[in-house]
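Single-structure report; data block below.
The values are calculated or read from the model by the stated rules, or taken from the named source; none is laboratory data. Note that the coordinates shown come from a computational prediction; the quantities given were computed from them, not determined experimentally. Here the Cβ is made from the backbone with ideal geometry for all residues, glycine too, and neighbour counts use every protein chain on show.
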Amino acid sequence: MSHGGNPTHVVRRALRHRPSPALPPALALALALVAAATPARADRFVAVGGDDLLNDCTSSGTPRATVAYAASLATASEVVSVGPGTFPGTVTLTQAVSLRGAQVGVPIAGRTAGSAGETVIDARGLPTAIAIASGGVTV
């Protein structure tokens, strides 16, 4: 083949498949342990009558009893969904999480303050109800 009087050479090389080197057994085991220890993103659930023992609260069928406890388990980008009812104490949010009450998305004008359908964080006698110690928090 020529182009403007200059010969063009086409060089083709066969690509060889090189098998990737195997990971040393110790490194492979370490990577497997890290992967197993890294929790997947999950929403957390809280409800009156929930259980704070032996429960990661990632199922709405097995919620935590306290908002503070569920919030302490939540990692960045998780949602802590709190059912209707009154929950005593202070909640400290240390990760970029979303804290959602029972009537999230319902306009305030359509709610009755203190009704059974509301989520209430009762911090009577405490300095604060919700302490936010991280950016990216949504309440």
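A few comments on the model shown:
- Only residues that are surrounded by 15 or more Cβ atoms within 10 Å (Cβ to Cβ) and either outside any strand (DSSP E or B) or of a type in the set (Val, Ile, Thr) (or both) were counted across the range 95-123, and they come to 11.
- Single unsatisfied condition, VAL67 versus (1) touching a strand residue (DSSP E or B) at 6+ places or on another chain (Cβ under 7 Å); (2) among the aliphatic types (A, V, I, L, M); (3) without any contact (Cβ under 8 Å) to a residue 40 or more places away in the chain: (3)
- Tally, over the range 76-88, of residues that are surrounded by 15 or more Cβ atoms within 10 Å (Cβ to Cβ) and not in a strand (DSSP E or B): 3
- Just one of the listed residues (SER72, SER98, SER60, SER77) is hydroxyl-bearing (Ser, Thr, Tyr) and closer than 20 Å to ASP122 by Cβ, and it is SER72.
- Top-ranked residue in the range 25-66 [being modelled with pLDDT under 50 and in a loop (DSSP other than H, G, I, E, B); ranked as farthest from VAL80 (Cα to Cα)]: THR38
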